[in-house]
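Below is one structure, written out as structure tokens, with a few remarks after it.
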Amino acid sequence: MKNIVFIILMIFFLSCRETKKENINNISQNQITAFESCIKRIDPYKALNFEMLIKENETGFFVIKDSIENKYNCSISYFNNIKKRHNTDNFFYKISKKEFYPKFKILKDNSIIIGNLVQFYGENDIPGVFFQLNMFDKEGKQIDYLIIYNRFSYELVFKYDYQFNNDISEITINQIEEDWLLMNSTGDIIGERKRPILKNTKETYKITTRGFALKEL
């Protein structure tokens, strides 16, 4: 009798263990399937006309939301601030108030890059627009992200523009800062320049499966 009871208990224990293992596998599979489903619906890479996607008024820059389709919203939950060690001093990477609008995807080796229009709010909640590349592995874990286009105006005017090379293995970002403000010796704004002081920086990044790597000059 004791042997029968023991056998029944063992069968019950093993059955519960297999059910739990199956549930865990199903949850993992559902997460992967959800991410893959989202990226399948995002268009492949194509050049963008930002004049049709953003607008500027007296308060700042805005995404033209009428030009954005909402069918990609499922992918937004995967975006975060995980990145590699590039641009550690760039305050735009520290902005937390962002709205994502996926526009294209690039499938590269074992990684997936999603290009996003981003409505953000910077200093004093002034609105600006990024375009950034978010890189994921095939399971939907973010590896890195890179801001490649930017329009923002506060005390300085920031303009980033970008260009891929032919096989999309590198991207060059041209960064312009325009300083229009005249200040006195105490740092008070006393007027505006007729011509801005320009600071122009150009950076090229290699696009690898491990992230975006800045090329040394």
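Could you tell me whether the stretch 15-30 includes any residue that is outside any loop (DSSP other than H, G, I, E, B), exposed (fewer than 11 other Cβ atoms within 10 Å of the Cβ) and at pLDDT 90 or above? For the stretch 15-30, residues outside any loop (DSSP other than H, G, I, E, B), exposed (fewer than 11 other Cβ atoms within 10 Å of the Cβ) and at pLDDT 90 or above: absent.
Free of Cβ contacts under 8 Å to residues at least 60 places away in the same chain, assigned to a strand (DSSP E or B) and either among the aliphatic types (A, V, I, L, M) or surrounded by fewer than 12 Cβ atoms within 10 Å (Cβ to Cβ) (or both), is that true of residue 147? Spelling it out, it is not the case that residue 147 is free of Cβ contacts under 8 Å to residues at least 60 places away in the same chain, assigned to a strand (DSSP E or B) and either among the aliphatic types (A, V, I, L, M) or surrounded by fewer than 12 Cβ atoms within 10 Å (Cβ to Cβ) (or both). For the structure I just gave you, tell me whether residue 129 is of a type in the set (A, V, I, L, M, F, W, C), at pLDDT below 95 and either surrounded by 19 or more Cβ atoms within 10 Å (Cβ to Cβ) or over 12 Å from the mean Cα position of the chain (by Cα) (or both). The answer is no for residue 129. Residues in the stretch 132-141 that are part of a strand (DSSP E or B) and over 9 Å from the mean Cα position of the chain (by Cα) were compared, and the one that is surrounded by the most Cβ atoms within 10 Å (Cβ to Cβ) is 136. Among the residues of the stretch 89-106, is there at least one that is surrounded by fewer than 10 Cβ atoms within 10 Å (Cβ to Cβ), at pLDDT 90 or above, in a loop (DSSP other than H, G, I, E, B) and over 16 Å from the mean Cα position of the chain (by Cα)? Yes, the conditions are met somewhere in the stretch 89-106. Scanning the stretch 107-125 for residues that are farther than 25 Å from residue 207 by Cα and not in a strand (DSSP E or B) yields 122, 123, 124, 125.
One residue stands out among those in the stretch 159-212 that are of a type in the set (A, V, I, L, M) and under 30 Å from residue 45 (Cα atoms): the one that is farthest from the chain's Cα centre (by Cα), which is 176.
The condition (being without any contact (Cβ under 8 Å) to a residue 60 or more places away in the chain and out of contact with any helix residue (DSSP H, G or I) (no Cβ under 8 Å at 6 or more places or on another chain)) is satisfied by just one residue among 103, 84, 55: 55.
The values are calculated or read from the model by the stated rules, or taken from the named source; none is laboratory data. Because the structure is predicted, anything quoted here is derived from the model rather than measured. Note: ideal-geometry Cβ built from the backbone for every residue, glycine included; neighbour counts use all protein chains shown.
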